[in-house]
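Here is the structure we will look at.
Derivation of every value follows stated rules applied to the coordinates shown; laboratory data play no part. Keep in mind that this is a model prediction, so the values were computed, not measured. Backbone-built Cβ (ideal geometry, glycine too); neighbour counts: all protein chains shown.
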Amino acid sequence: MEQLKVTESKTVAVGQKMDLVFHTLQLRFLDLDFVLISGSIDREKSLFEEEGDWERKNRLKVCEGLYCVSTQNFKKAAGLFLDSISTFTIYELFPYDTFIFYTVLTSIIALDRVSLKQKVFRFSPLDGSNLSNLRNLIFFSL
């Protein structure tokens, strides 16, 4: 962890600094240190304001959504996950199927029935064979 901080302090490019903060975030998720996770997310947001691209913004949304799930802020997590569902690229955190599962689960908890039907039930990746059970879960939630 200390080496990541040293490397970040010596790095000039903002994009590379953001990548280092993402690596730090992943390690902090493993430790479940929510205070440091929150600090890393804030650091990532400030770097994004300086200079960020859409891929890193979507990665940040997924990380922040996972943090929100961990702190039981399901409404914010559902919104962040739904915003980044079509551009998911942070496979090193968890696989896409797990991301879809988290999205559906937080949406069932946080969204009203009409929004759930519009934003989740009609979403095409749920047609995949390994995700078909989620359609049943959503159906019985409506």
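Listing for the model above:
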read-out	value
Residue pairs, from the table 17/119; 75/119; 17/57; 57/117; 17/76; 17/75, whose Cα atoms sit over 24 Å apart	17/119; 57/117; 17/76; 17/75
Dipole moment magnitude, nearest 20 debye, the stretch 1-109 about Cα centre, only Lys, Arg, Asp, Glu C-beta charged	180
Packing rank of 65-75, 108-118, where each peptide gets the mean count of other beta carbons within 10 Å, highest leading	65-75, 108-118
